[in-house]
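Engineer: Take a look at this one; I'll ask things after.
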Amino acid sequence: MADDTSSPMDRFCGSTFWNATETWYTNDPDFTPCFEQTALVWTPCAFYWAFVIFDFYYLKASLDRNIPWNKLNVSKALVNLGLLVITALDLIMALVKKGGDSELPLYDLDVWGPIIKFATFLLLFIFIPLNRKYGVQTTGCQFIFWFLLTVLSIPRCRTEVRLDAERQKILNSQQPSEQDFSWEEYQFVSFFIFFTFTSIMLILNCFADGMPRQTKYQRGENEIPELSASFLSRITYQWFDKMALKGYRNPLEEKDLWDLRPQDSCSEVMPIFAHHWNQNVRKNYKNKARVEPKAQFSNGNVTFENPHGEKNGRKKGMASIMPPIYKSFGGVFLFGALMKLFTDTLTFAQPQVLSLIISFVEAQDAEPEWKGILYAVLLFVLAAAQTFILGQYFHRMFIVGLRIRTALINAIYRKALRISNSTKKESTVGEIVNLMAVDAQRFMELTTYLNMIWSAPLQIGLALYFLWQQLGPSVLAGLAVMIILIPVNGVIASRIKTYQIRQMKYKDERVKLMNEVLSGIKVLKLYAWEPSFEKQVLDIRDKEIATLRSTAYLNAGTSFLWSCAPFLVSLVTFATYVLTSEANQLSVEKVLVSIALFDLMKLPLTILPMLSVDIAETQVSVNRINKFLNSEELDPNSVLHDSSKPHPMSIENGEFSWGDEITLRNINIEVKKGSLVALVGTVGSGKSSVVQAFLGEMEKLAGVVNTVGKLAYVPQQAWIQNATVRDNILFGQTYDRKRYNKVIDACALRADIDILSAGDLTEIGEKGINLSGGQKQRISLARAVYSDADLYLLDDPLSAVDAHVGKHIFEEVIGPKGILARKSRVLVTHGVTFLPQVDSIYVIKMGEISESGTFDQLVKNKGAFADFIIQHLQEGNEEEEELNQIKRQISSTADVPELLGTVEKAIKLARTESLSDSISVTSADSLMGGGGSLRRRTKRQDSHDSVASAASLKKKQEVEGKLIETEKSQTGGVEFAVYKHYIKSVGIFLSVATLVLNFVFQAFQIGSNLWLTQWANDQNVANDTGLRDMYLGVYGAFGFGQGLCNYGAAISLFTATLHASSRVFHRLFNNIMHCPSEFFDTTPKGRILDRCSSDVNCLDLVMPLNIRMVMSTAFQVLATIVVISLSTPIFLAVIVPIAFLYYFAQRFYVATSRQLMRLESVSRSPIYSHFSETVTGASTIRAYNVGDRFIEESDAKVDKNQVCKYPSVIANRWLAIRLEMVGNLIILFASLFAVLGGQTNPGLVGLSVSYALQVTQTLNWLVRMSSDIETNIVSVERIKEYGETKQEAPWELEQDKNKPKNWPQEGRVEFQNFQVRYREGLDLVLRGVSFNIQGGEKVGIVGRTGAGKSSLTLALFRIIEAAGGRISIDGVDIASMGLHMLRSRLTIIPQDPVLFSGSLRINLDPFEIKTDDEIWKALELSHLKSFVKSLAAGLNHEIAEGGENLSVGQRQLVCLARALLRKTKVLVLDEATAAVDLETDDLIQKTIRTEFKECTVLTIAHRLNTILDSDKVIVLDKGQIIEFASPTELLDNPKSAFYSMAKDANLV
């Protein structure tokens, strides 16, 4: 070797580093030994040292510890050790054999080469025990290192083998050689040992290490294989194969799914997010005084700070969710961004290789063949690398999206438990649920594309740079076109946004209205008001569709612009290029590379505007979420818990409001330990508000509220969860059978539980839909008693129950001898009876305490209280013994003659009317029948209990007790019928038009490209400007055709899909309104709403885009195959196996993915229904202080949803990797055939390869979109399912028109052997009831709960249809007329007063057929006139959702007003006296007696005076009539059940 070698590298090696003639310009390429020993070894080493930081990060982030030693890691360690030994030996041998005395000079390479390798291997060696200790099962950097090292050592293998062969030649030649080959021999052996070891390491690194012994979270049988999958398995998603196979064989079910990865579960995500949120909140306060610790995660409890802050700390602005999101999830996101950057660079290498291929074909045989093959393989490698990296990138982004969604849902949930009442007023439950369902979801969809914000401009920039190299300054013309198009698009996008906000508004309105309609569906049916509300909903829907239509036209416009954009750009650019100078001629390479680059620009250019719209939408969502999370919360310090105060509950000088005007003022209340305090007063005087003030639900303006001890609260309107009766009573506490039975008996629930199909394991529907008002109230009370608290706030728990049950409950539970005797209790009550037994009484009037004291003191005062009592006694609806008690009490206190006189009168009255509705007629051991029988029953119950716990019974109970049907998730393929149904809704003409237009569009596109290559190949253009202009003109025409077709296709498609979704919704809603009421009993409201909101939303917005994408991609794939086959016909041979592979991947994927999507959507609705339940019951949850348990439940539901969501994300990646590899094969074969096939037309070759380059993306989209259609068509399937449910009888029939306007004229009601059951398969509730009521008779119906009283009325309205027998009114069989005809001619005052949001007027007269005078008259008679007059808006007073802004009594009076407006011959009064105080009750009774004098009145009785003056009484027991006569007649007969009832109550 000459010593004057030029480059430093040559000196370093002592031989040439790079020799171009040997490597490139030759038919037999090879590297120099120096290059092989430096560059090819140091590249992997440099890579590893650069990225080793990731390995350290994984050690830190790992949740596991301590992997046991096993075969794998031991062999890794040994082989690694071997490599260390061999490199050390290399160094020693070099120092021994070379330099110094030996004739071989010692070069730097001989020393530094081994040292660098040694250092790298040492680092790798250190990681083996480290990974083992920290539980890291696989690492990517190491795998890539070994992979690179092995691959890059291959050239040296070839060199060494060749050199060895030469050595053997020299040695074998007979001339004795002077040379000493020992160093070369050593190198040969050492290298092959080294190479073997690296290959072994590569193979060992393909597998993951064993399972760690210590894990932070329990790892079950069912853990996700990804946790212990090797790097190779992770990047190819091979660990998902099992699931894909399983899903292909039979539809996946929930039990097949894997557990969630711990790092994605709420318990890992929440603390991080909460920590950053709290930091962010604190930043928004000027007063930095409060320094708080980090968000602690103690036993699953994350605290969020209140951004509304203390009253004093001034707020700088809203705390936004964005900074915490960046901080919590930014790391993973940035790593993803790095990957994105990398793939973007790879993308642009492809056109460069393409130009190499074209010049290779142009050169025709001048170049050696191996170069062509190299280019083809290079294209393939670039594409494959991109595939793997993109796969990981999307996976990461999805995970970030999922975590953000988890964080937001949980933050919203936790906030909803704490919002103040003024906040609650601002938004309905539906809107709050939407934050969770829509807005949090939107984030998830955006994260995947968010990186395009910087990536798209970067791609455009790179494309322009390479284009400049091809075409020079003419590119600027093209750029100008793009820049002009952007603002045009911006304008359209902003228009679209305004439409979208409008559409969201309409959607919210529609969902809110539907929510109410479904909540009050029973009432709507009773009143026959469905058409009015149906019209309201459909009107909103029509507005929504109109908005969507405008959006669709704009969308088509953007789509037109963007399909024209790339074309316009290339047209302008090429035109400028050839027209600026004669010398500028298009060559094939220029044209095709430019087209490839323009195509690369197409995607970022399309995505940017879409992204801007998306970001704008997400911005709207962020603002909505921020507004909610920053809204006012209840002040946790409004109620103090100061145990030094003398009494456990007190309010001093309290002033409270519900957020606007002051409701309570000058409140001073003290509740002594263990005492019972009653709050009395008229309707709307503020009794309930006092209770709320104790709970801290009201805004405290002044004063001190103090409670010490655990609270229990019984609200006026019971809040019942959708769970079993037992769960509702236990309310999260452990089940203690003795205590539980005691509570049930005390609350008089035993009999009710016995009636229920599965006892106390019966599931209760949403809002307690399958229980009567009294049962709900008693369950609510039982929950309080069971909770064994110290303080009890009872808000009128006795209003909804019958008088006797009320007495029983007072004695057993509330009163001085009850279970709660030792507790401190506040009781709001309307009944006078119990007042003598309470410790003190507070009389509330107009929001102030008018007087207080014991019963005796108040009677002496002759103040408001005495009047209150006198008034009550005059109504005469108390039992005789109770009156005697009051009489004794009063006479013992003082001489108040007028009071005593009233009592005497009342007693006389009571003797004559003693009748109670609460005693089962036939059972002797009734509730009150002496202590003995009660004790007997308890004993019996206990023994019964032990039997019941036997498994067989339990199973039966559970099955029977299921009320809510579990949501079916369809399995298997979506039937073709569903597609047919959808296409039918779309219309045949539009479907065909869309297809044809898309086809023509593709034809134009191929045409224009072929035309360009034709032009580039034409040699005559150089000299003939006319020819050139002709080429240019035709090219332009092609483009124009493309644009037109595209616009046409978009318009026809959007019109078609909208038409479909509008028809589908009409049909769906119409059907739901026609469903019989049993459908609403068994289907939760949330599920129906889900159909009407998210499924319809899917048809409105998602389907059109999906179908559009599928069409365009399908045609594009077709075009690609056509073009490639034109250029290289042999390609058709390969397309068959490739298509086969493709089809397989697609089938496997679709089967699995579709089922996962279904499972996911089924597991999603519980999150929302649990949430809306929580929002409704927030005050109860807070009172019992069980917020944490509910948060845990919510977290569990979110996690469960993730369990279904995560595999479907992975399924997407799994498919993408496989499909893109199929696409990459197409690239490989298209380019290989082009290079080897001897094709002479470089234009066609280039075209086919450039089409092949796009096919990967297109294929991927095609499967994704077609499976999306399959998944979203599920929405059509679900809607179709609800569109085909069983309908009730028709509303109107032709023959109804012949009936007289004022039918029924007499009001004769006749039951003939009538039988009825609630649902198919249940027992009869009425078993052959026959009676006859003359027109104008007043009839009372009595009987214990469950005797079938309500069923009578429901049957009369045909809410439940007859199972046998008939009912006729005025001689007409009611089964023969339309439901509305029947229902609109009967009047009912229902048990629960249901109001709808809207004006008061709409609530009284939804069809707007009555005059104002009639309405005012009705209001006057129902004693609401003065109230309505006092309202600013009068009849147009807005009523809140569910009538929340009226008191319960006022709601009841509104129902009375409705009845008065209707005024038909038959009136049904159903337990209408439940929640009303006696005053209101009296008003209602009087009004009914006077106004409905002429009518037939059926009363389901509660209190004696309501029935006593009736003409007849029906006594029902177990669904049969046992007595039917006038009350006096029955009381005269000592043998009658009626009499024994009265006797049981010691009244006769």
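Engineer: Out of the helices (runs of 4 or more DSSP H) lying entirely within segment 1306-1424, which hold 2 or more residues that are in contact with a helix residue (DSSP H, G or I) (Cβ under 7 Å, 6 or more places away or on another chain) and buried (at least 21 other Cβ atoms within 10 Å of the Cβ)?
Structural biologist: Filter on segment 1306-1424 gives 1379-1384, 1400-1404, 1412-1421.
Engineer: Report, ordered by the first and then the second residue, all pairs with beta carbons closer than 7 Å, sequence separation of six or more or different chains, a first member in segment 851-867 that is crowded, with 16+ Cβ neighbours inside 10 Å, and a second member that is of a type in the set (D, E, K, R).
Structural biologist: Pairs that qualify, where the first residue is crowded, with 16+ Cβ neighbours inside 10 Å and the partner is of a type in the set (D, E, K, R), are L858/E851; A864/K845; A864/E851; F865/E851.
Engineer: Scan segment 62-104 for residues that are without any contact (Cβ under 8 Å) to a residue 40 or more places away in the chain and part of a helix (DSSP H, G or I) and report the count.
Structural biologist: Residues meeting the conditions: 10.
Engineer: Every residue in segment 1003-1060 that is farther than 28 Å from M1103 by Cα and polar (S, T, N, Q), please.
Structural biologist: S1008, N1009, T1013, Q1014, N1017, Q1019, N1020, N1023, T1025
Engineer: Could you go through segment 302-310 and let me know if any residue there is modelled with pLDDT of 70 or more and part of a helix (DSSP H, G or I).
Structural biologist: Within segment 302-310 (the criterion being modelled with pLDDT of 70 or more and part of a helix (DSSP H, G or I)), the answer is no, since none of the residues qualifies.
Engineer: Ok, one more. How many residues does segment 618-644 contain that are open to solvent by less than 30 Å² (accessible area, probe 1.4 Å) and not small (G, A, S)?
Structural biologist: Residues meeting the conditions: 10.
Engineer: So which of I409, I404, I419, I399 is in contact with a helix residue (DSSP H, G or I) (Cβ under 7 Å, 6 or more places away or on another chain) and under 23 Å from N515 (Cα atoms)?
Structural biologist: Residue meeting the stated conditions: I409.
Engineer: Within segment 260-270, can you find the residues that are within 14 Å of S328 (Cβ to Cβ) and surrounded by fewer than 20 Cβ atoms within 10 Å (Cβ to Cβ)?
Structural biologist: Of everything in segment 260-270, those that are within 14 Å of S328 (Cβ to Cβ) and surrounded by fewer than 20 Cβ atoms within 10 Å (Cβ to Cβ) turn out to be Q263, D264, E268.
Engineer: Show the residue pairs that are 6+ apart or on different chains and have beta-carbon atoms under 8 Å apart, the first residue being within segment 726-749 and among the aliphatic types (A, V, I, L, M), the second being open to solvent by 80 Å² or more (accessible area, probe 1.4 Å).
Structural biologist: none
Engineer: Identify, from the list D839, D796, the residue that is acidic (D, E) and surrounded by fewer than 20 Cβ atoms within 10 Å (Cβ to Cβ).
Structural biologist: The conditions single out D839.
Engineer: Quick one: is A416 crowded, with 18+ Cβ neighbours inside 10 Å and of a type in the set (A, V, I, L, M)?
Structural biologist: Answer is yes for this residue.
Engineer: So which helices (runs of 4 or more DSSP H) stay within segment 446-556 end to end and still have 2 or more residues that are closer than 30 Å to R396 by Cα and open to solvent by 60 Å² or more (accessible area, probe 1.4 Å)?
Structural biologist: Hits in segment 446-556: 452-471.
Engineer: Same structure, new question: Based on this model, can you work out whether P324 counts as open to solvent by less than 80 Å² (accessible area, probe 1.4 Å), at pLDDT below 70 and either in contact with a Leu (Cβ under 9 Å, 6 or more places away or on another chain) or not in a loop (DSSP other than H, G, I, E, B) (or both)? Steps first, answer last, please.
Structural biologist: Numbers: open to solvent by less than 80 Å² (accessible area, probe 1.4 Å): yes; at pLDDT below 70: no; either in contact with a Leu (Cβ under 9 Å, 6 or more places away or on another chain) or not in a loop (DSSP other than H, G, I, E, B) (or both): yes.
When the stated conditions are applied, P324 does not pass them.
Engineer: Here's a follow-up. Go through D1024, D1081 for me and flag whichever is without any contact (Cβ under 8 Å) to a residue 24 or more places away in the chain, open to solvent by 20 Å² or more (accessible area, probe 1.4 Å) and of a type in the set (D, E).
Structural biologist: After ruling out the rest, the residue left standing is D1024.
Engineer: Let me ask another. Name every residue in segment 404-442 that is of a type in the set (S, T, N, Q), farther than 23 Å from Y1206 by Cβ and assigned to a helix (DSSP H, G or I), in order of residue number. I'd like the intermediate steps shown before the answer.
Structural biologist: Taking segment 404-442 as the starting set, the residues that turn out to be of a type in the set (S, T, N, Q) are 406, 410, 420-423, 427-428, 434, 441.
In the following step, the residues that additionally are farther than 23 Å from Y1206 by Cβ were identified as 420-423, 427-428, 434.
Of everything in segment 404-442, those that are of a type in the set (S, T, N, Q), farther than 23 Å from Y1206 by Cβ and assigned to a helix (DSSP H, G or I) turn out to be N421, S422, T423, N434.
Engineer: Checking the conditions here, which among V708, V704 is closer than 30 Å to T423 by Cβ, in contact (Cβ under 8 Å) with a residue 40 or more places away in the chain, in contact with a His (Cβ under 8 Å, 6 or more places away or on another chain) and surrounded by fewer than 23 Cβ atoms within 10 Å (Cβ to Cβ)?
Structural biologist: Details: V704 fails: in contact with a His (Cβ under 8 Å, 6 or more places away or on another chain).
Sole residue among the options that is closer than 30 Å to T423 by Cβ, in contact (Cβ under 8 Å) with a residue 40 or more places away in the chain, in contact with a His (Cβ under 8 Å, 6 or more places away or on another chain) and surrounded by fewer than 23 Cβ atoms within 10 Å (Cβ to Cβ): V708.
Engineer: Select from segment 441-461 the residues that are of a type in the set (A, V, I, L, M) and touching a Ser or Thr at 6+ places or on another chain (Cβ under 8 Å) and list them in ascending order.
Structural biologist: L446
Engineer: Restricting to segment 1281-1305, name every residue that is assigned to a helix (DSSP H, G or I) and surrounded by fewer than 19 Cβ atoms within 10 Å (Cβ to Cβ). Full working, then the answer.
Structural biologist: Going through segment 1281-1305, the residues assigned to a helix (DSSP H, G or I) turn out to be 1281-1283, 1294-1298.
Answer for segment 1281-1305, where residues must be assigned to a helix (DSSP H, G or I) and surrounded by fewer than 19 Cβ atoms within 10 Å (Cβ to Cβ): E1281, E1294, Q1295, D1296, K1297, N1298.
Engineer: Count, please, the residues in segment 1184-1213 that happen to be open to solvent by less than 10 Å² (accessible area, probe 1.4 Å), in contact with a Leu (Cβ under 9 Å, 6 or more places away or on another chain) and closer than 26 Å to L711 by Cα.
Structural biologist: Count: 1.
Engineer: Something else now. Among the residues of segment 1226-1239, is any part of a loop (DSSP other than H, G, I, E, B), in contact (Cβ under 8 Å) with a residue 12 or more places away in the chain and on the phi < 0 side of the Ramachandran plot?
Structural biologist: Looking for residues that are part of a loop (DSSP other than H, G, I, E, B), in contact (Cβ under 8 Å) with a residue 12 or more places away in the chain and on the phi < 0 side of the Ramachandran plot, one finds at least one in segment 1226-1239, hence yes.
Engineer: Would you please name the residue that is nearest to L485 (Cα to Cα), looking only at residues in segment 564-574 that are open to solvent by less than 20 Å² (accessible area, probe 1.4 Å) and aliphatic (A, V, I, L, M)?
Structural biologist: A565
Engineer: Looking only at segment 723-752, count how many residues are part of a loop (DSSP other than H, G, I, E, B) and either within 24 Å of D796 (Cβ to Cβ) or open to solvent by less than 50 Å² (accessible area, probe 1.4 Å) (or both). Don't jump to the end; show me each part of the working.
Structural biologist: Going through segment 723-752, the residues part of a loop (DSSP other than H, G, I, E, B) turn out to be 723, 731-736, 747-749.
Narrowing the set further to residues that are either within 24 Å of D796 (Cβ to Cβ) or open to solvent by less than 50 Å² (accessible area, probe 1.4 Å) (or both) leaves 723, 731, 747-749.
Total satisfying the criteria: 5.
Engineer: Quick one: in segment 25-46, of everything that is open to solvent by 50 Å² or more (accessible area, probe 1.4 Å) and touching a helix residue (DSSP H, G or I) at 6+ places or on another chain (Cβ under 8 Å), which residue is farthest from F12 (Cα to Cα)?
Structural biologist: So the first thing to find is which residues in segment 25-46 are open to solvent by 50 Å² or more (accessible area, probe 1.4 Å), and the list is 25, 27-28, 31, 33, 42-43, 46.
Of the ones still in play, those that are also touching a helix residue (DSSP H, G or I) at 6+ places or on another chain (Cβ under 8 Å) are 27, 31, 33, 42-43.
Details: N27: 29, F31: 17, P33: 13, W42: 14, T43: 17 Å.
Looking at the filtered set, the residue picked out is N27.
Engineer: Is it the case, given these coordinates, that S102 is within 21 Å of C206 (Cα to Cα) and among the hydroxyl-bearing types (S, T, Y)?
Structural biologist: In short, no.
Engineer: I need the full set of residues from segment 578-602 which are surrounded by 17 or more Cβ atoms within 10 Å (Cβ to Cβ), more than 14 Å from S1008 (Cβ to Cβ) and acidic (D, E), in order please.
Structural biologist: E589
The values are calculated or read from the model by the stated rules, or taken from the named source; none is laboratory data. Just so it is clear, the model here is predicted, and its values are computed rather than measured. As a convention, Cβ positions derive from the backbone with ideal geometry for all residues, glycine included, and neighbour counts pool all protein chains shown. Just so you know, the surface numbers come from the protein's heavy atoms only, side chains and all, with ligands and any DNA or RNA stripped out. Shrake-Rupley method; radii C 1.70, N 1.55, O 1.52, S 1.80 Å.
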